Amino acid sequence: MKLGDYLKDKVFIIVLIILAYFIIFSFMIGFKITKEFKWCFTVIYFLLFIILFLYDYLRKYFFYKEILSKIDLLEEKYLICELISKPNFLDGEILYQILYETNKSMNENIRDYRSKIDDFKEYVELWLHEVKIPLSALILYTHNKKTSQVLVSEINKIDNYLEQILYYIRSENTEADYIIKEVDLNKVIRDVMLKNKDVLLEKNIAITSDVCNLKVLTDYKWLEFMINQIISNSMKYMKDIDDKKIEIKAYKQDKYIVLEIWDNGIGIPSSDIGRVLNKTFTGQNGRKVPGSTGMGLYIVNNLCKKLGHKIEIESIEGEYTKVKFVFDNNLFYSEVYSKA
Amino acid sequence: MKKILIIEDDLSVRSELKELLSNAGYDALILDDYTNMLEDILSIHPDLILLDINIPYMNGELLLKALRKVSNIPVIMVTSRVGEIDEVLSMSYGADDYITKPYNPTILLLRIGAVLKRGEKNITDTILYHDILIEVKRGIVKKEHEEVILTKNEMIIFIYLYERMGSIVARDELMTELWNNDEYINDNALTVNISRLRNKFRELGVDNAIETRKGQGYILL
C-alpha cells in the first residue's frame, strides 16, 4: 500500500477537512479573532489530522505488507489465514474474519473431494480384482476347451487395459505403493515374454534378449508393467514385413544402468516424438492403428518419475523405435548388499 | 499321481482349474467346506495346495500362517491382488510361490511343476536313456566311444520330454519351457531343434526316440 494510493482513497475526507477549515476560518474573521490565535488554530488543526492519517496509514501498511508478501510465497494461497497475525483495526478484523471463514469452507471442500476420490480409487481397485476372477475363468476355459486363438488374444487385450487403469490409479496415488528391491532384469523380461508369448509367436516376431545378468533397484511389479507396455506397443505398431524384430539389451553407462528395447516397427514421426509421453496423446500412429488410448506411455513415465528412473525415446519414422529406461546404479547399496 | 488341493471360492474358476490339472495328469481335489480347513488339509495330505487369498471365513494368508506351524506342504498363493506388498507378505508367511490372476495356464502348470520338483532331488548330472548316457552339464550324449554334442535348446527339450517319458507333450508346453529358460525361439526353430535332436539320437542308434503325434505334440519313447 503506497502513501499516494492511501491519500487518493481518502480524498473525499481531505476535501471535507479543508472545506471545514475555511468555514471555521471565515467565522473567525467574522468574530474578529486575533491573528495569533488564527495561526495557532491552523497549525494545531492540520497537525492533528496529519497525525491521525499517519497513524491509520501505518497500521494498515504493516498489516497488508505482511499479508501480500506471505501470499506471494505460499503455494496453497487459501491457507493465508493461518500465517498472519490478527490485525487491530476494524476493516482488518472484518477481512480477517472473512478469510478465516473462506479458508475453513475451502478446507472442508477439499477434504470432501479427497475422500470421495479415495473412495472411488478404492472401489475401482476392488472392482478390478473382482473382474479378474471371471477373466481367469475365461482364460482357463479357452485353454481347456482349446477354443480359437481369437478369443485368447481378445481376453489378453482386456487384461492389458485392466492393468493400465490399475497402474494409472497407483501412479496418481500420493502414498507409496511399491517396494524397492534388487530386481533381476532377466527374470522380469522372461515374465513379460511368457505373458506375451502367444501373440509374439502368432505375429512371428523374433526376440533377442541380452541383459548381461544385470540387476537394478526398483519395484518388480511396476517394472514388469512398464516393460509390458513397451512390448505391447512394439507389437501393436509393428510393420507388416517378414523380418519383425524386438531386441532387448542392458548395459552399464557411467553411474547408470540402461535397459534398451528396440524394435523395427513403424517408428514415430519426428513431429510427434516430443509429445508421446503426454496424457491422451495418440498422434499420427494413433490414427493408423486402432485401440490407441494415449495413456500407456503417460502412465509409464509417471511410474518412472515416482521410482526415480528416466525414460528416453528415440525413433526414426518407418525404421525403428528405441525405448531406454535409465536406472541409477547405486554402488553404495550394492556394496552394503554384497557384504551383508 | 500327485495330489493337488484347490482352495478357491469362485465356482467357475475352480472347476476349470480342476479340469486343467486333471488334463495335466494331476489328481485335483476341491476343498469346498471352509469351516475346518486346517484339519481337512491335514487329513487329505496333498502334495501341493493352490490357495486363494480371498476365501470365506478366513483370509488365505492367515490360513497359510496357521498351516506353516504344523506342516510344510508346498503352497502356491493365487490371487487377483496385484502388488509387491501382498507378495512379500505371502512369501514371508511361507508360501512357495505367488501367482496373480488372470494366469496363463501353461505358466501355472510350469510353476506347479517347479514347486513340486523342488521337493524331490532328482537334479542328476547324468541320465541313462536306453543305452545312451547323457551328461547334462557338459551337454554331451555318449554311447560307448561315440560322442555327440547337444545345444542348450536341444538339451532343454530332451530333459523336458525325458521327465514326461511315455506321455504326450504339447508343442506349447515345450515352447513355454524354452521361453522360461530365456530362449525366445519361434515355431520353425522348435521344429528344426526337434528334428536335429531326433537325428542325433538316430546317429547313436535309437531310431524313433521322439515320435510326433499329429495335432497333439511329441512323445519320448
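The values are calculated or read from the model by the stated rules, or taken from the named source; none is laboratory data. What you see is a predicted model, and the numbers here were worked out from it, not measured in a lab. Cβ sites come from the backbone with ideal geometry, for glycine too, and all protein chains shown count toward neighbours. Remember, those area values only see protein heavy atoms, side chains included, never the ligands or the DNA or RNA. Shrake-Rupley method; radii C 1.70, N 1.55, O 1.52, S 1.80 Å.
Listing for the model above:
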{"quantity": "Calculated P(r) of segment B:126-220 - Cα pairs past 22 Å, %", "calculated": "22"}
{"quantity": "Cα-centre dipole for chain B with unit charges at Cβ (Lys and Arg positive, Asp and Glu negative), debye to 20", "calculated": "500"}
{"quantity": "Top positive-direction residue, dipole computed over segment A:177-339 with Cβ charges, set A:V183, A:S232, A:L307", "calculated": "A:L307"}
{"quantity": "Within straight-line cross-link reach of B:K152, lysines at Cα separation under 18 Å, skipping those fewer than 8 residues along the same chain", "calculated": "B:K137, B:K142, B:K200"}
{"quantity": "Segment A:V124-A:E312, extension gain: residue separation times 0.36 nm, minus the distance between their alpha carbons", "calculated": "64.6 nm"}
{"quantity": "Accessible surface buried upon B-A contact (total; probe 1.4 Å; Å², nearest 100)", "calculated": "3200"}
{"quantity": "Using a Förster distance of 56 Å, the FRET efficiency for B:S12-A:Q284 (Cβ separation, nearest 0.05)", "calculated": "0.85"}
{"quantity": "Average Cα contact separation per residue, segment A:3-106, under 8 Å, 6 or more apart, as relative contact order %", "calculated": "18"}
{"quantity": "Segment A:41-185 - Kirkwood radius from inverse mean 1/r over Cα pairs (Å)", "calculated": "21.9"}
{"quantity": "Residues with amide H under 5 Å from that of B:K101, placed H, sequence gap 5 or more", "calculated": "B:T79, B:S80, B:R81"}
{"quantity": "Sequence-separation-based contact order of chain A, relative, with Cα cut under 8 Å and 6+ spacing, percent", "calculated": "11"}
{"quantity": "Residue-averaged [θ]222 nm for chain A, counting only DSSP H segments that reach four residues, each worth -39500 (n - 2.57)", "calculated": "-21000 deg cm²/dmol"}
{"quantity": "Base-10 log of normalised Debye intensity for segment A:127-205 (one unit scatterer per alpha-carbon) at q = 0.19 Å⁻¹", "calculated": "-1.04"}
{"quantity": "Rg/Rh ratio calculated on Cα atoms of chain A (Kirkwood radius)", "calculated": "1.33"}
{"quantity": "Partner chain coverage, peptide B:70-83 - average Cβ within 10 angstrom", "calculated": "3"}
{"quantity": "Ratio of Rg to Rh over segment A:235-340 (Cα coordinates, Kirkwood Rh, two decimals)", "calculated": "1.06"}
{"quantity": "Average beta-carbon neighbours from other chains, 10 Å sphere, peptide B:169-180", "calculated": "2"}
{"quantity": "Fraction of accessible area attributable to carbon and sulfur, chain A (%, probe 1.4 Å)", "calculated": "61"}
{"quantity": "Stokes-Einstein translational diffusion, segment A:133-255 - Kirkwood Rh over all Cα pairs, 0.890 mPa s, 25 °C, in µm²/s", "calculated": "150"}
{"quantity": "Label-point gap, in nm, between A:R111 and A:C40 - each point 7 angstrom along Cα→Cβ", "calculated": "6.5"}
{"quantity": "Ordering of A:24-35, A:135-146 by packing [mean C-beta count within 10 Å, highest first]", "calculated": "A:135-146, A:24-35"}
{"quantity": "Highest to lowest packing among A:116-127, A:92-103, scored as the average C-beta count within 10 Å", "calculated": "A:92-103, A:116-127"}
{"quantity": "Ellipsoid equivalent to segment B:3-119 - semi-axes via the Cα gyration tensor, in Å", "calculated": "18, 17, 15"}
{"quantity": "Label-point separation, B:V70 to A:S85 (7 Å along Cα→Cβ), nm", "calculated": "7.1"}
{"quantity": "Using θ = phi - 60° and Karplus 6.51 cos²θ - 1.76 cosθ + 1.60, couplings along segment A:252-263 (whole Hz; Gly, Pro as x)", "calculated": "8, 9, 6, 8, 10, 10, 10, 10, 10, 10, 10, 9"}
{"quantity": "Cβ neighbours within 10 Å from other chains - mean over A:125-138", "calculated": "5"}
{"quantity": "Pair B:D125, A:F49: separation of 7 Å Cα→Cβ label points (nm)", "calculated": "11.2"}
{"quantity": "Rg and Dmax [Cα atoms of chain B; Å; Rg one decimal, Dmax integer]", "calculated": "20.1, 65"}
{"quantity": "Accessible surface, per residue, of chain B when the full set of protein chains is kept, probe 1.4 Å, Å²", "calculated": "48"}
{"quantity": "Charged-residue dipole, Cβ positions (Lys, Arg, Asp, Glu), segment A:230-340 about Cα centre, Debye nearest 20", "calculated": "440"}
{"quantity": "Normalised per residue, the volume of the convex hull around the Cα set of segment A:3-106 (Å³)", "calculated": "112"}
